[in-house]
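Take a look at the structure below.
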2 protein chains.
Amino acid sequence: MTVSKAAEKSSDKPADTAKGRKDAAELQGQGAGEALQLGELSEQLGYVLKRAQLKVFENFLRCMASLQLTPAQFSVLLLVEKNPGRNQTEIASTLGILRPNFVAMLDNLESRDLCARIRSTNDRRSHILVLTDKGKAVLARAKKLVATKHEARLNELLGQANREALIAMLAKVANEF
Amino acid sequence: MTVSKAAEKSSDKPADTAKGRKDAAELQGQGAGEALQLGELSEQLGYVLKRAQLKVFENFLRCMASLQLTPAQFSVLLLVEKNPGRNQTEIASTLGILRPNFVAMLDNLESRDLCARIRSTNDRRSHILVLTDKGKAVLARAKKLVATKHEARLNELLGQANREALIAMLAKVANEF
DNA sequence: GATATTTGATATGGTCCATAACAATTATCA
DNA sequence: TGATAATTGTTATGGACCATATCAAATATC
């Protein structure tokens with residue numbers, strides 16, 4: 001059903017021109033066993049950005065294994081703690097999460113008694129979000145884990161000054177690119 | 001079928017203790033209409049990394065709209081150009097793409113006549129990858145678009161020196177974190 | 001008071017990522 | 001040599017994440 005599935009194999013013997021066959025012959029066994037050259041790829045912003053993000057998320061998940069918190073869940077807890085009394089739409093949209101996709105996230109956090117939906121008396125359509133006591137306690141422990149295991153790792157890799165510069169530049173890119 | 005779907009709604013009136021009701025009352029209409037405070041979130045590496053990556057990919061796609069190349073496809077073309085004669089497993093693994101998922105990507109690129117699979121004569125199991133002439137031409141145009149529209153944007157945002165420093169730090173994080 | 005908008009929610013489809021399994025081919029080694 | 005193991009490209013499949021359309025209830029607008 002994917003677009004790529006609909007792609008027709010143009011021919012069974014691609015590049016089968018006289019020049020094609022000659023070039024192919026020259027390439028047989030090219031640099032076998034040797035490491036590939038990344039070339040310009042290693043200076044492509046998107047490439048290095050994506051790979052760094054994957055590594056950081058991976059490390060985050062390892063650090064949070066005992067609390068079973070994903071980066072997205074951690075960000076929700078942080079934002080609700082900082083902005084108690086806001087509704088789902090407000091929290092979701094500032095995190096770039098679409099409302100439909102935020103429902104399942106909240107179902108999960110609420111089922112673990114980390115946060116609660118409270119019907120607003122001002123506007124009975126909306127749910128006000130609050131951290132439960134357990135949620136506050138878990139978030140406090142999560143922050144310590146992040147500080148001691150996650151950010152500390154980045155500090156010993158880049159140094160305090162570079163770490164702050166990196167985050168500042170990333171924030172600028174995220175906001176103004 | 002998701003995990004979160006299996007989450008049971010613990011109760012219809014969450015946090016309905018005496019303290020819970022009082023706290024909820026205090027929160028009604030909290031900072032309505034005002035912007036939310038990001039708080040510690042804006043200094044979380046993972047958060048700012050992810051958002052920056054999304055913005056950069058988004059901009060990349062806009063710059064490449066005329067060539068219809070995604071960041072992943074661009075990286076494949078770059079790597080094949082730099083390392084002609086390598087097989088699918090080698091190209092995919094250095095890009096962090098799993099072999100099964102690489103098949104559809106190549107089907108797509110091959111159907112557009114950007115690259116070609118050639119049966120190796122040394123090892124008839126493997127397909128050697130090469131850029132077609134059209135693939136080389138498209139990649140050349142893609143590089144120019146990236147340089148003039150994409151990287152130039154980053155330069156005017158951070159400056160040349162900072163841009164290089166950012167990429168160097170991201171590469172370090174990607175490789176050593 | 002009729003109409004439009006907002007909120008949370010459901011259903012659904014797409015894309016990306018990960019694992020298992022398979023046929024063809026090659027490597028290993030008894 | 002020949003039996004067995006490993007590798008390559010591939011298919012099938014399921015999960016996680018993201019996006020859109022739609023809905024009922026509640027509210028806003030006029």
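Rule-based calculations on the coordinates, nothing more; no lab input. Since the structure is predicted, the reported quantities are computational estimates derived from the model, not experimental observations. As a convention, Cβ positions derive from the backbone with ideal geometry for all residues, glycine included, and neighbour counts pool all protein chains shown.
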Quiz item: Taking Cα pairs under 8 Å and at least six residues apart, what relative contact order does the range B:59-177 come out at, in percent?
Solution: 26
Quiz prompt | Spatial separation of Cα centroids for the range A:138-168 and the range A:65-101, in angstrom | solution = 20
Practice problem: Let me know the mean shielding of B:81-88 by other chains, meaning the per-residue number of their Cβ atoms within 10 Å of its Cβ. | Solution: 5
Self-check item: Sparsely packed trypsin sites (Lys or Arg not before Pro) within the range A:107-177, loop by DSSP, other Cβ within 10 Å at most 14
Solution: A:Arg124, A:Arg125
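Past 28 Å, Cα to Cα, is the threshold; run B:Lys82/B:Lys144; A:Lys143/B:Lys149; A:Lys134/B:Lys172; B:Lys136/B:Lys172; A:Lys50/A:Lys144 against it and keep the listed order.
Numbers: B:Lys82/B:Lys144 17 Å; A:Lys143/B:Lys149 39 Å; A:Lys134/B:Lys172 37 Å; B:Lys136/B:Lys172 30 Å; A:Lys50/A:Lys144 26 Å.
With Cα atoms farther than 28 Å apart: A:Lys143/B:Lys149; A:Lys134/B:Lys172; B:Lys136/B:Lys172.
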Self-check item: Whole-Hz couplings from phi, Karplus 6.51/-1.76/1.60, listed for the range A:85-102; x for Gly and Pro
Solution: x, 8, 8, 4, 4, 5, 5, 4, 5, 6, 8, x, 9, 6, 3, x, 7, 7
Quiz item: When each copy gets a label point 7 Å from Cα toward the beta-carbon at B:Asn155, what are the spacings between them in nm, shortest first?
Solution: 3.7
Practice problem: Rounded to whole Å, how close does chain A get to the rotation axis onto B by Cβ? Give me the residue too, please? | Solution: A:Gln53, 2
Quiz prompt | Overall dimensions of the range B:101-177 by Cα: Rg and Dmax, Å | solution = 17.8, 50
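Under 4 °C and 1.567 mPa s, how fast does the range A:72-132 diffuse according to Stokes-Einstein, given a Kirkwood radius computed over C-alpha pairs? Answer in µm²/s, whole number.
Numbers: Rh = 11.3 Å.
Using the Kirkwood radius from Cα pairs, D works out to 115 µm²/s.
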Exercise. Count neighbours as other Cβ atoms within 10 Å of each site's Cβ, and list the GluC sites (Glu not before Pro) in the range A:33-64 that are DSSP loop with at most 16 such neighbours.
Key: A:Glu34
Quiz prompt | Amide H within-cut-off set for A:Ile128, under 5 Å, with H built and near neighbours excluded | solution = A:Ile118, A:Arg119, A:Ser120
Quiz item: Put the label 7 Å from Cα along Cα→Cβ for B:Gln28; what are its distances to the other copies, in nanometres, shortest first?
Solution: 8.3
Exercise. Would you pull out the residues with amide H under 5 Å of B:Cys115's amide H, same chain only if 5 or more places away, H placed 1.01 Å from N?
Key: B:Glu110, B:Thr132
Quiz item: Considering only the label points, 7 Å along Cα→Cβ from Cα, what distances in nm to one decimal separate A:Thr70 from the same position in each other copy, shortest first?
Solution: 1.9
Exercise. Provide the per-residue ³J(HN,Hα) series for the range A:147-156, in order, calculated from phi with Karplus coefficients 6.51, -1.76, 1.60 and θ = phi - 60°, each as a whole number of Hz, with x at glycine and proline positions.
Key: 5, 7, 9, 8, 5, 4, 4, 5, 5, 6
Practice problem: Mind checking which of B:Ala140, B:Val76, B:Ser126 is farthest towards the positive end of the range B:51-177's charge dipole, using Cβ charges of +1 (Lys, Arg) and -1 (Asp, Glu) about the Cα centre? | Solution: B:Ala140
Quiz item: Which whole-Hz ³J(HN,Hα) couplings does the range A:131-136 yield from phi under the Karplus relation 6.51 cos²θ - 1.76 cosθ + 1.60, θ = phi - 60°, glycine and proline marked x?
Solution: 7, 6, 4, 4, x, 5
